[in-house]
1. Output yes when any residue across segment 71-94 is loosely packed, with under 14 Cβ neighbours inside 10 Å and at pLDDT 85 or above, and no when none is.
2. Has segment 31-54 got at least one residue that is of a type in the set (Lys, Arg) and touching a residue at least 24 places away in the same chain (Cβ under 8 Å)?
3. I'm trying to understand the selection: among the residues of segment 11-25, which are of a type in the set (A, V, I, L, M, F, W, C), assigned to a helix (DSSP H, G or I) and surrounded by 15 or more Cβ atoms within 10 Å (Cβ to Cβ)?
4. For GLY40, are the conditions met, namely being surrounded by fewer than 19 Cβ atoms within 10 Å (Cβ to Cβ), under 30 Å from the mean Cα position of the chain (by Cα) and at positive phi?
5. Between GLY135, GLY146, GLY105, which is in contact (Cβ under 8 Å) with a residue 24 or more places away in the chain and either assigned to a loop (DSSP other than H, G, I, E, B) or not hydrophobic (A, V, I, L, M, F, W, C) (or both)?
Amino acid sequence: MNRQAFIDRLRLGLSGLPAAAINEAVADYEAHFAEGAAAGRTEDEVAAALGDPARLARELRAEIGLKKWEETRNPTSAAGAIFAVLGLGAIDVLVLLPILMAVGGTIFGCIVAAVGVFVAGGVVFAAGPFFDPPGGPAAALLAGIGLMALASSAAAVLTIIVVGMVNALVWYGRLHYRLLKPAIDPAQAQA
């Protein structure tokens, strides 16, 4: 494969990423080809040494997704990091996706429950004093505040759990990449 075919396949694999990220990655691989030419190697030799551009694009996508999560921790970057890690290997999708779906479903259910408890606490707080509850109106007000505080605390704990899980997934992705890189690219493992 010559330089232009390699760069075209790399660009195709990186499509959808920000233009600056694509241009930076392409410039890096263009530099590899320039260094190879300066050392007297052919474009085909350099392309073979660099490996499959589609695989390189997946790895670059994963790294960009992980960096985005580390820079801005929000649901969009968390989803990007998760899918970037899952994109590294088809076997991981078969193993991790069911686990992530089960854990994600459980967390979503807990979030819905926390919202329900918060709304119920608001109803008890607002309407409870008018229904002559046991303990009087003060008990209804305090019960409503207590339910809303419980729901808020549960939501905070769930947020910490989700951030921790995304961080663990990012750690797993980096570990996975470091362990697989020597097997995928034996030339770099020997260097």
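The values are calculated or read from the model by the stated rules, or taken from the named source; none is laboratory data. Predicted model, so just to flag it, every value in this text is computed and none were measured. Ideal geometry is used to build each Cβ from the backbone, glycine not excepted, and the neighbour counts take in all protein chains shown.
1. Checking segment 71-94: not a single residue is loosely packed, with under 14 Cβ neighbours inside 10 Å and at pLDDT 85 or above.
2. The answer is no; no qualifying residue exists.
3. Step one: list which residues in segment 11-25 are of a type in the set (A, V, I, L, M, F, W, C), which gives 12, 14, 17, 19-22, 25.
Subsequent filtering for residues that are assigned to a helix (DSSP H, G or I) retains 12, 14, 19-22, 25.
Within segment 11-25, LEU14, ALA21, ILE22, ALA25 qualify.
4. Numbers: surrounded by fewer than 19 Cβ atoms within 10 Å (Cβ to Cβ): yes; under 30 Å from the mean Cα position of the chain (by Cα): no; at positive phi: yes.
Criteria not met by GLY40.
5. Details: GLY135 fails: in contact (Cβ under 8 Å) with a residue 24 or more places away in the chain; GLY105 fails: in contact (Cβ under 8 Å) with a residue 24 or more places away in the chain.
Sole residue among the options that is in contact (Cβ under 8 Å) with a residue 24 or more places away in the chain and either assigned to a loop (DSSP other than H, G, I, E, B) or not hydrophobic (A, V, I, L, M, F, W, C) (or both): GLY146.
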